[in-house]
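Visitor: Handing you a structure now.
The values are calculated or read from the model by the stated rules, or taken from the named source; none is laboratory data. Worth saying up front: this structure is predicted, and the values here are computed from it rather than measured. Here the Cβ positions follow ideal geometry from the backbone for every residue, glycine too, while neighbour counts run over all protein chains shown.
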Amino acid sequence: MEVKQKKRPSTVVIIFILTVVMLLGCYWYLQYIENQYAEEAEELLKTELNQMAGQVNKKLDLQYTNLQYIEGFVTKDTVEFDAKQAIDKIIAVKTGNEFSSMGIIDLEGNLYMATGNVIDVSDEDFFKQAVKNDRYMSNTIVDDKGNLINAYTLKININDDCVGYVFATDDVNELKDEMNVPDTTLAGRGCIVDGTTGTIITNNLYADEFLEGFSIYSYYTNKGYNKVSKRIKDAIEENGPECIKVKFQNEDYIMYGERININNWYIISSISPDEMSENKNSALLGSNLFIGILLIVYLLTIILIIFIQEKNKKNIERLAYVDEITGGDSFTKFKMNVEKLVMGSNDDYAMVDIDVDRFKFINDIFGYEEGNRVIRYIWKEIGEIVENGETYAHRSADEFVALLKYKDIDELGKRLEALSERTAGRTFQIEKNYDIVLSMGIYLIDNENFNIDSAIDRAVLTKKSVKGKHSKLYAIYDDKMREKIIRDQHLENLMEKALEREEFKVYYQPKYDSNSCELAGAEALVRWYNEEEGMIYPNEFIPLFESNGFITILDKYMFDHVCRDIKNWLEAGYSVVPVSVNLSQLQLYNSGFIDEYKEIIEKYDIPPEYVQLELTETTLFSKISTMNEIIDNLHSIGFKILMDDFGTGYSSLNMLKNVKVDVLKLDKSFVDDIGETKGNIVVSSIVSLGQLLNMKIVAEGVETQEQFEFLRDIFCDEIQGYYFSKPIPKIEYEKLLTKGAL
Ligand code: C2E
Ligand code: CA
Ligand code: CA
């Protein structure tokens, strides 16, 4: 059976989405914190750098103010400028003390030092730059004493003509000092670089690595820029007031820079946001902890969800795969097992359906608990004969299925007989007379055309052919069985059309008063006449209709036709006798049937005493209280109730005192025994018992004069059987009606 289910997103999808959302959330949060710190770091970096640049610029401005003063001093009142005289003047007034050395360079590149030395610097880079620029400051160079210095130059102009250059040097530390910002916690790696060449002029104390004279490009790199030439300058100019990101020793840094008031120089500083402050780390620790806890809670939730799911799944699996009564495999699981075993093996397999005879008896009399105990017991016993590579299960109330391997039929038969002996050996305490009797149907599986449902169906069908026949333990599905199935199918296909076409005919079998031999009644028996099939007898289609439920429709149809006939007979002035109509036990489950039958009576407007209802003993037994309720209702309409096939059920006598039937129909099997001493005793006892209980007795299947006379002599009320008449069509029965008596 296919169960339609509303599609729900699976847990996996939900967990996946949750996880993605969760991770995105964490990522976003960390990113946010990170950004927060990055922004703060940038602000601090900018502030610090501004301060550095301010100090450096102030220093440079001061030095150039000093140099300008010297320039003014050496050109004052001078017409013909001479470098030697200019330096002498300076020495004389001892100016320029702010510098570590002083000098004047003439246009040819001769440097006249305050120390008295004269050096040719015409080839020096700083001289060439001095010629080009009004003021210039050299890269950090090594002086003759081995000190790292920077040289300042300033053009000396007289009447707008350059006549020489003021020259001064400072220890590089002078510049360095200006780059150390007091009271800063930031410790940015600051340095001054030449924007054109990237050459490092000098650094602050946090940037020892940045050696003077090297190119800054060899230190910093940036993703996507392998050639970082001009990168820093460009970045500074392009970014303006923004920081840029760079890599230094494989770590991410932010960098900021500003141009300073000399040459094409920049002061830059960089920091790694990570090492910026301890604050950040403790704050990050807090948020990491928070995220950690969140993740743990999340994980626990997921684990809980999965756990609950698994548990539910197991429960559902348990429900689906475990049989409630036995605790073994359910029928569903059995079918799954069978598919696996048959598909995965070349062995020959047989599907065996095993049924417990008269199981209802246990349930009815001793209750379900006892019934379940029997089921468990049999299940256990089947388990004893089932081997590796085989499987079995409890199928329904009193049925079991087993998939067994077989080499030959005899061997399989022996195993099943062994099983039957095991179970038969045990009687239950509850009822010493109850032996477990099994019936089995075997279907030999054809691996080529294997269909599990039809295999089980066939085994079940085959079992039905032996059920109740205690002479035979099992039957094997064969061609005859196959033909029966095909025949049943065929009849099923025809039945509804047949009903429409009135192919079902009412035959009447007369019942005679044993004493007067007058017609006392009749039983309505169905016949199916089909043009192609000819006459079809009830034993062929009644069990089929009982299994497919069509019997309830047919019974009603028969009842209707009998009433119609009676109506016609009454109108035609026949002396009508009661007709009994058979009622299948399925009809009793149809809660509306009493009203439906009542309506039919009313439709034809016939006195209800002309129709009687035959219930079989097994039907009657099902549930005594419900049964009596139904009988009461039928009685109140005016129907008489006949107990059909009396004596064939398992508790006939017991039932006599409980169920309020009007007539007993003594089964043919008793009538058959008339003539034998014991048979005679049994029959006469039943008849007198019935009479004592105020019941009428009808004997069925009376075929011989001997039987008739015996029954007459023991005062059995009515006789039905071939001795008087077979079931006959309506027209012939009508002839009997006019005649009245034999
Ligand atoms: P039943 O109700 O026990 O009907 C009696 C059966 O015994 C009838 O078989 C009848 O023809 C047969 N019979 C009567 N006298 C003799 C005799 O002297 N010797 C032998 N050997 N047989 C005799 P039939 O008509 O074949 O019906 C078989 C069964 O089918 C019925 O058994 C009844 O259970 C069922 N049936 C027939 N018609 C209907 C119906 O309309 N509704 C239902 N629910 N069942 C029906
Ligand atoms: Ca009957
Ligand atoms: Ca009968």
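Visitor: Go over the candidates VAL166, VAL193 one by one and state the one that is surrounded by 20 or more Cβ atoms within 10 Å (Cβ to Cβ) and within 30 Å of LYS84 (Cβ to Cβ).
Guide: On the way: VAL193 fails: within 30 Å of LYS84 (Cβ to Cβ).
Within the list VAL166, VAL193, the selection yields VAL166.
Visitor: Taking GLU503, is it outside the structural domain of ALA424 (by TED's automatic domain parsing), among the charged types (D, E, K, R) and touching a Phe, Trp or Tyr at 6+ places or on another chain (Cβ under 6 Å)?
Guide: Values: outside the structural domain of ALA424 (by TED's automatic domain parsing): yes; among the charged types (D, E, K, R): yes; touching a Phe, Trp or Tyr at 6+ places or on another chain (Cβ under 6 Å): yes.
When the stated conditions are applied, GLU503 passes them.
Visitor: Return the total of residues in the stretch 504-532 being in contact with a Leu (Cβ under 8 Å, 6 or more places away or on another chain) and either over 21 Å from GLN612 (Cα atoms) or free of Cβ contacts under 8 Å to residues at least 12 places away in the same chain (or both).
Guide: Looking only at that region, the number is 1.
Visitor: While we're on this one: In the list ILE149, ILE192, ILE200, which residue meets the criterion of being outside any loop (DSSP other than H, G, I, E, B) and either within 60 Å of the chain's Cα centre (by Cα) or under 27 Å from ASN110 (Cβ atoms) (or both)? Break it down stepwise before answering.
Guide: Values: ILE192 fails: either within 60 Å of the chain's Cα centre (by Cα) or under 27 Å from ASN110 (Cβ atoms) (or both); ILE200 fails: either within 60 Å of the chain's Cα centre (by Cα) or under 27 Å from ASN110 (Cβ atoms) (or both).
Checking each option against the conditions leaves just ILE149.
Visitor: Moving on. Is there any pair linking a residue in the stretch 627-645 that is within 28 Å of PHE670 (Cα to Cα) to one that is in a strand (DSSP E or B) and away from ligand 3 (no atom under 16 Å from the Cβ), with Cβ under 8 Å and at least six apart or on different chains, and which?
Guide: Matching pairs, first to second residue: PHE639/VAL611.
Visitor: If you take the residues in the stretch 696-721 that are assigned to a loop (DSSP other than H, G, I, E, B) and more than 19 Å from VAL579 (Cβ to Cβ), which one is farthest from ligand 1 (Cβ to nearest atom)? I'd like the intermediate steps shown before the answer.
Guide: We begin by selecting, within the stretch 696-721, every residue assigned to a loop (DSSP other than H, G, I, E, B); these are 700-704, 714-717, 721.
Now drop any that are not more than 19 Å from VAL579 (Cβ to Cβ), which leaves 703-704, 714-716.
Numbers: GLU703: 4, THR704: 9, ILE714: 18, PHE715: 20, CYS716: 14 Å.
Only one residue tops the list, namely PHE715.
Visitor: Being more than 27 Å from VAL131 (Cα to Cα), in the same structural domain as ASP177 (by TED's automatic domain parsing) and either of a type in the set (Ser, Thr, Tyr) or part of a loop (DSSP other than H, G, I, E, B) (or both) is the requirement here; does THR47 meet it? Can you show your working first?
Guide: Working: more than 27 Å from VAL131 (Cα to Cα): yes; in the same structural domain as ASP177 (by TED's automatic domain parsing): yes; either of a type in the set (Ser, Thr, Tyr) or part of a loop (DSSP other than H, G, I, E, B) (or both): yes.
Yes: the conditions hold for THR47.
Visitor: Additional query: Criterion first (surrounded by 17 or more Cβ atoms within 10 Å (Cβ to Cβ), within 16 Å of ligand 2 (Cβ to nearest atom) and in the same structural domain as HIS561 (by TED's automatic domain parsing)) does LEU711 satisfy it?
Guide: Judged against the criteria, LEU711 is not a match.
Visitor: (1) within 16 Å of ligand 2 (Cβ to nearest atom); (2) under 30 Å from LYS463 (Cα atoms): which one isn't true of TYR508, the others all being true?
Guide: (2)
Visitor: Related question: Determine whether LYS567 is touching a strand residue (DSSP E or B) at 6+ places or on another chain (Cβ under 8 Å), free of Cβ contacts under 8 Å to residues at least 40 places away in the same chain and either more than 16 Å from ligand 1 (Cβ to nearest atom) or on the phi > 0 side of the Ramachandran plot (or both). Outline the logic, then answer.
Guide: Details: touching a strand residue (DSSP E or B) at 6+ places or on another chain (Cβ under 8 Å): no; free of Cβ contacts under 8 Å to residues at least 40 places away in the same chain: yes; either more than 16 Å from ligand 1 (Cβ to nearest atom) or on the phi > 0 side of the Ramachandran plot (or both): yes.
So LYS567 fails the test.
Visitor: A further question follows. Give the stretch 325-357 a look and list any residue that's among the polar types (S, T, N, Q), assigned to a helix (DSSP H, G or I) and touching a residue at least 60 places away in the same chain (Cβ under 8 Å), or say none. Full working, then the answer.
Guide: Here is the first cut: in the stretch 325-357, the residues among the polar types (S, T, N, Q) are 326, 330, 332, 337, 345-346.
Adding the requirement that they be assigned to a helix (DSSP H, G or I) leaves 332, 337.
Answer for the stretch 325-357, where residues must be among the polar types (S, T, N, Q), assigned to a helix (DSSP H, G or I) and touching a residue at least 60 places away in the same chain (Cβ under 8 Å): just ASN337.
Visitor: Search the stretch 582-630 for residues being in a loop (DSSP other than H, G, I, E, B) and away from ligand 1 (no atom under 16 Å from the Cβ), and hand back the single one that is modelled with the lowest pLDDT. Full working, then the answer.
Guide: If we filter the stretch 582-630 for residues that are in a loop (DSSP other than H, G, I, E, B), which is where we start, we get 583-584, 590-592, 605-607, 622-623.
Among the residues that remain, those that are also away from ligand 1 (no atom under 16 Å from the Cβ) are: 591-592, 605-607, 623.
Numbers: SER591: 77, GLY592: 89, ASP605: 97, ILE606: 97, PRO607: 96, LYS623: 67.
The extreme case among them is LYS623.
Visitor: What pairs come out if I take residues in the stretch 655-669 that are within 16 Å of ligand 3 (Cβ to nearest atom) and pair them with residues that are among the hydrophobic types (A, V, I, L, M, F, W, C) and part of a loop (DSSP other than H, G, I, E, B) whose C-beta lies under 7 Å away, six or more apart or interchain?
Guide: Final answer for the pair search is VAL661/MET695; ASP662/MET695; VAL663/MET695; LEU664/MET695.
Visitor: Please determine whether any residue of the stretch 70-79 is touching a Ser or Thr at 6+ places or on another chain (Cβ under 9 Å), exposed (fewer than 14 other Cβ atoms within 10 Å of the Cβ) and charged (D, E, K, R). Can you show your working first?
Guide: So in the stretch 70-79, the residues touching a Ser or Thr at 6+ places or on another chain (Cβ under 9 Å) come out as 70, 73.
Narrowing further to those that are exposed (fewer than 14 other Cβ atoms within 10 Å of the Cβ): none.
No, there is no match, as no residue in the stretch 70-79 is touching a Ser or Thr at 6+ places or on another chain (Cβ under 9 Å), exposed (fewer than 14 other Cβ atoms within 10 Å of the Cβ) and charged (D, E, K, R).
Visitor: Residues that are closer than 19 Å to TRP265 by Cβ, of a type in the set (Lys, Arg) and in contact (Cβ under 8 Å) with a residue 60 or more places away in the chain: list the strands (runs of 3 or more DSSP E) wholly contained in the stretch 71-143 that include at least 3 such residues. Steps first, answer last, please.
Guide: Details: elements: 101-106, 110-113, 118-120, 135-137.
Ranges flagged: none.
Visitor: In the stretch 552-577, how many residues are within 16 Å of ligand 3 (Cβ to nearest atom) and surrounded by fewer than 22 Cβ atoms within 10 Å (Cβ to Cβ)?
Guide: 1
Visitor: I need a count of the residues in the stretch 672-696 that are out of contact with any Ser or Thr (no Cβ under 9 Å at 6 or more places or on another chain) and under 22 Å from LYS640 (Cβ atoms).
Guide: Step one: list which residues in the stretch 672-696 are out of contact with any Ser or Thr (no Cβ under 9 Å at 6 or more places or on another chain), which gives 672-673, 676-685, 687-696.
With under 22 Å from LYS640 (Cβ atoms) added as a condition, the list becomes 687-696.
Count: 10.
Visitor: Just one of PHE550, PHE559 is of a type in the set (Phe, Trp, Tyr), touching a strand residue (DSSP E or B) at 6+ places or on another chain (Cβ under 6 Å) and more than 20 Å from LYS726 (Cβ to Cβ); which is it?
Guide: Numbers: PHE550 fails: touching a strand residue (DSSP E or B) at 6+ places or on another chain (Cβ under 6 Å).
Just a single option satisfies the conditions, and that option is PHE559.
Visitor: Further, regarding this structure: Is it the case that ILE697 is at pLDDT 95 or above, in contact with a Leu (Cβ under 9 Å, 6 or more places away or on another chain) and away from ligand 2 (no atom under 15 Å from the Cβ)?
Guide: In short, no.
Visitor: If you scan the stretch 149-163, which residues turn out to be surrounded by fewer than 17 Cβ atoms within 10 Å (Cβ to Cβ) and in contact (Cβ under 8 Å) with a residue 24 or more places away in the chain? Give the derivation first.
Guide: Applying the first criterion (surrounded by fewer than 17 Cβ atoms within 10 Å (Cβ to Cβ)) to the stretch 149-163 yields 157-162.
Answer for the stretch 149-163, where residues must be surrounded by fewer than 17 Cβ atoms within 10 Å (Cβ to Cβ) and in contact (Cβ under 8 Å) with a residue 24 or more places away in the chain: ASN157, ILE158, CYS162.
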